[in-house]
Amino acid sequence: MTSATEAMKRTNENAIDLASLCRDLGEQAKAASRQLAIAQGCAKNEWLTRSARALIERQDEILAANARDVAAAPELGLSGAAIDRLTLDRKRIDAMAIALLEVAALPDPIGEVVTSSRRPNGLEVRQARVPLGVVFMIYESRPNVTVDAAALCVKSGNAAILRGGKEAIHTNRMLHRILADELAGTGLPQRAVQLVPTTDRAAVGMLLGLPEFIDLAIPRGGESLIRRVAAEARMPVLKHYQGICHVYVDAHSDLDMAIKITLNAKVQRPAVCNAAETLLVHRTVAAEFLPRAAQALVKEGVELRGDPAARAIVPAMTPAKPADWDTEFLDKILAVAVVESIDEAIDHITRHGSGHTDAIITSDLAAARRFTAMVDSSAVMVNASTRFNDGGQLGLGAEIGISTDKIHARGPCGLRELTSTKWIVIGDGHVRGES
C-alpha cells in the first residue's frame, strides 16, 4: 500500500471515529433529556448548589487548567481583550458560583400551566411548559459560558452538549468535570451535561447534522461562527449576527439625560452586542446637543465619525463612510448623523439596524409610542441605555444569549425561552362527533 493510500485510509478512519463520537454524544444526550424532563426541581437545585460549592472548593484545579490555556493563548493569535476574557481568577470563579446559586433560586418553568380551560363538552384543556430536549451550545473564549449554559439547560430540563473554543479547552474540561462529578449524587442523569472532547472543527458540523438527537443549536461568538452554524444546522438555531444598536435623540428631549445615556450605551462596555454603534440626532437640537455630547465622548476616548450635517456642527469628527452605518465596531467608535424627523431616524434604523436594540431619548409620549411601534428590534428602549437589553437586567435572572429571531424566542433568552409547550387534554370517555 502506498503512503498516499495509507494516509487516505487513516483520514477516513479518523472521520468515522469522529462521526461515531458525535453520534454517541447525541444519543446519550437524548436519553438523558428524557430523564431530565421528569426530574424534580429540588434535584436540579441540589445539583446547582453542590456545583457552586465544588467550584469554590476546587478552584486551585480550575486555575491550574486555566493557566495552561492562558500560556498557550499568544500562539493562537488571541488579542489582549480575548486573553482577558479567557483568564480566570478567584473573583471570577466566585462569580460563576454565585451565578449557579442565582439560577437555583429562579422558579422552575417546567410544568407551568400557561393557559387552561374547560370546553363546553367537558374536556379539560391545558397548555404546559416542557423542555426543548437537547441543546447544543457552541461558544468562544469565555469559560464561564460552560457553567452558565449547563446551569440554564439543566434547570429548564434540557440536556446540554457544550463545545467551547480550543483556546479554553483545558479550562472547559476541568469545569465540565466538576459539574459532571456533582450530577452523580443528585439522581440526575450522568449525561445531562456533556462536553465535546475534541477541538476538531469538523465535529461541530457533524453535530449540526444530527437533528434526530439535537433540538436547538445556540452559537455565541463572532459573526463568522454564527453564520457557519446557521448555514450548516439541520435543527433550529437561536442567534443574532450583529448588534448594530442606535440611540436617537428626539426633538423633545432632556439633553443632559441624552448625554448620560449615550455615554453609557457607547462607553461602559464598547465590545458587547448591546453597545451603541450609531447616534442619530434630530436637527432642531443638534446644534446644542452635539458639541456637548462630542466633548464628553471624546474625553472617554471615543472616535466620532459624522455625516456632513454632524461635521458642520463638530468639524473635528472624522467623515463617516457608507460602510460605517452598517458596522458593529465593538470598539470606542461611534457613527453620528443628523436627521430631519423621527420618521427619518426610524427609516435609518430600518435600513441599517440589526434588529438587536435601539433607544429613543424623548419627553414626547407620542414620539415614544411611534418609535416603539415602528422600530422592529428585539428590545426598544425609551429614555434608557441600550445596555439594558440583558437577561439579568430585564428580570430573567440569567440568559443563554440574545436572539434577534422572531420565532421561537426574541431578545434575552432565559429559562422560559429554553422551553416549549404541549397541550394536555383530559376527558372522560370523550369521542368526537361530526363537526
Turns out the strands (runs of 3 or more DSSP E) fully within the stretch 288-371 with at least 3 residues that are closer than 16 Å to residue 242 by Cβ and within 30 Å of the chain's Cα centre (by Cα) are 333-339
Name the residues in the stretch 57-107 that are farther than 25 Å from residue 156 by Cβ, in a helix (DSSP H, G or I) and among the acidic types (Asp, Glu), would you? 57, 60, 61, 69, 75, 84
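Please pick out the residue among 142, 126 that is of a type in the set (D, E, K, R) and in contact with a helix residue (DSSP H, G or I) (Cβ under 6 Å, 6 or more places away or on another chain).
142
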So, in the stretch 125-150, how many residues would count as being open to solvent by less than 50 Å² (accessible area, probe 1.4 Å) and either part of a loop (DSSP other than H, G, I, E, B) or farther than 30 Å from residue 62 by Cα (or both)? 10
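Quick one: how many residues across the stretch 233-267 are among the small types (Gly, Ala, Ser) and open to solvent by 10 Å² or more (accessible area, probe 1.4 Å)?
The first filter runs over the stretch 233-267 and keeps only residues among the small types (Gly, Ala, Ser), leaving 233, 243, 251, 253, 258, 265.
Among the residues that remain, those that are also open to solvent by 10 Å² or more (accessible area, probe 1.4 Å) are: 233, 251, 253.
Qualifying residue count for the region: 3.
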Per the filter on the stretch 269-287, residues open to solvent by 60 Å² or more (accessible area, probe 1.4 Å) and in a helix (DSSP H, G or I) are 283, 284, 287
Looking at the stretch 81-99, I want the residues that are without any contact (Cβ under 8 Å) to a residue 24 or more places away in the chain and have a partner that is open to solvent by 60 Å² or more (accessible area, probe 1.4 Å) and not acidic (Asp, Glu) with Cβ atoms under 9 Å, at least 6 apart or on another chain. Which pairs are those? 83/74
State the number of residues belonging to the stretch 288-308 that are out of contact with any strand residue (DSSP E or B) (no Cβ under 9 Å at 6 or more places or on another chain) and open to solvent by less than 30 Å² (accessible area, probe 1.4 Å). 1
From the option list 405, 376, single residue qualifying as acidic (Asp, Glu), within 14 Å of the chain's Cα centre (by Cα) and not in a helix (DSSP H, G or I) is 405
Please count how many residues of the stretch 379-402 are among the hydrophobic types (A, V, I, L, M, F, W, C), closer than 20 Å to residue 345 by Cα and not in a loop (DSSP other than H, G, I, E, B). 4
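The values are calculated or read from the model by the stated rules, or taken from the named source; none is laboratory data. In this text, all values refer to a predicted model and were calculated from it rather than measured experimentally. Quick reminder, even Gly has a Cβ in these numbers, built from the backbone with ideal geometry, and neighbours come from all protein chains shown. To get the accessible areas, we keep the full protein, side chains included, count just its heavy atoms, and leave off ligands, DNA and RNA. Shrake-Rupley method; radii C 1.70, N 1.55, O 1.52, S 1.80 Å.
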